[in-house]
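Trainee: Structure incoming, see below.
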Amino acid sequence: MAREVWDAYDKDGNKLGFDLFRDEPIPEGVYHIVVEIYTITESNEVLVTQRHKNKLFALKWEVTGGSVLKNETPEQGAIRELREETGIEVMNSDLNFVYSYNYKNFPSIYKCFIVFINKEKTKIQLQDGETIDYRYLPYNEFKQFIQTDDYVSLLRERFYFHEEQFDTIIIR
């Protein structure tokens, strides 16, 4: 398997001109970009997937996400991650930007998007070694589910911090 390479960014999201590698520590004051994609059906259900047992946060549930690779834009990374982890194909114009968030204690800039899909026309294809199950949760049930220990805690924190923005976009 090829080594995962990322672009290095400053805290404001400006490229610094050198590479970062998944398996190496990130220098202080340097960041990489991580995308999160909330996939929403026409009836306001949220797609969640279960992480593989060999991954960090093993067997926990989450929305789709992952690191943006070298020379990718956040939008390209979101489209790729969604396709790889779920088999869902979307275009740049399908992405609804929600927020950008920098963690002080983590060297990551999180870019979050929402995509709307037609559930009846969408076939989920899970990624070997990444995702092992999926389910659709009505938005209100999703908001309750993320309070449980079954959901990745860091995603929960970011959701709650931006909950009003999610409500505005999802409850249309």
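Trainee: Please compute one quarter of the surface area of the Cα convex hull for the stretch 1-86 and express it in square nanometres. Mind dumping the intermediate values first?
Mentor: Details: hull surface 27.5 nm².
Averaged projected hull area, Cα only: 6.9 nm².
Trainee: How much of the DSSP bridge set in the stretch 5-170 is antiparallel, in percent, rounded to the nearest 5?
Mentor: On the way: 25 of 36 bridges.
If we restrict to bridges inside the stretch 5-170, about 70 percent are antiparallel.
Trainee: Pick from Asn96, Asn54, Asn44: which residue has the top mean-square fluctuation in a GNM of the chain where Cα pairs under 10 Å get a spring?
Mentor: Sorting by GNM fluctuation, first place goes to Asn54.
Trainee: Can I ask one more? Build a GNM of the chain with springs between Cα atoms under 10 Å: which of Asp150, Asp133, Asp23 gets the top mean-square fluctuation?
Mentor: Asp23
Trainee: May I pose another question? Output the Kirkwood hydrodynamic radius of the stretch 90-172, Cα pairs only, in Å rounded to one decimal. Please list the in-between numbers first.
Mentor: Working: mean 1/r = 0.0672 Å⁻¹.
Evaluated on the stretch 90-172, it is 14.9 Å.
Trainee: If you don't mind, another one. Using a Gaussian network model of the chain with C-alpha springs under 10 Å, which one of Glu36, Glu72, Glu45 is most mobile by mean-square fluctuation?
Mentor: Glu72
Trainee: So what's the angle, to the nearest 10 degrees on a 0 to 90 scale, between helix 74-86 and the longest Cα principal axis of the chain?
Mentor: 50
Trainee: In nm, to one decimal, how far is the Lys104 label point from the Ile132 one, both placed 7 Å along Cα→Cβ?
Mentor: Computed distance between label sites Lys104 and Ile132 equals 3.7 nm.
Trainee: Further question on the same structure: Explain nothing, just the number: relative contact order of the chain, from Cα pairs under 8 Å at least 6 residues apart, as a whole percent. Don't jump to the answer; show the numbers that get you there.
Mentor: On the way: 316 pairs, mean separation 43.2, N = 172.
Dividing the mean separation by the residue count of the chain yields 25 percent.
Trainee: Still on this model: Could you give the distance between the Cα centres of the stretch 117-133 and the stretch 1-56, to the whole Å?
Mentor: Taking the Cα centre of the stretch 1-56 as reference, the centre of the stretch 117-133 is 20 Å away.
Trainee: Right, next: Compute the whole-percent fraction of alpha carbon pairs in the chain spaced more than 23 Å apart. Please list the in-between numbers first.
Mentor: Details: 5681 of 14706 pairs.
Distances greater than 23 Å cover 39 percent of the Cα pairs.
Trainee: Residue by residue through the stretch 54-66, what is 3J(HN,Hα) from phi via Karplus (6.51 cos²θ - 1.76 cosθ + 1.60, θ = phi - 60°)? Round to whole Hz and write x for glycine and proline.
Mentor: Karplus-based 3J(HN,Hα) across the stretch 54-66 equals 9, 9, 4, 6, 3, 6, 7, 9, 7, 8, 5, x, x Hz.
Bear in mind these aren't lab numbers, they're just calculated from the coordinates by the rules spelled out. Keep in mind it's a predicted model, so treat the numbers as computed, not measured. Quick reminder, even Gly has a Cβ in these numbers, built from the backbone with ideal geometry, and neighbours come from all protein chains shown.
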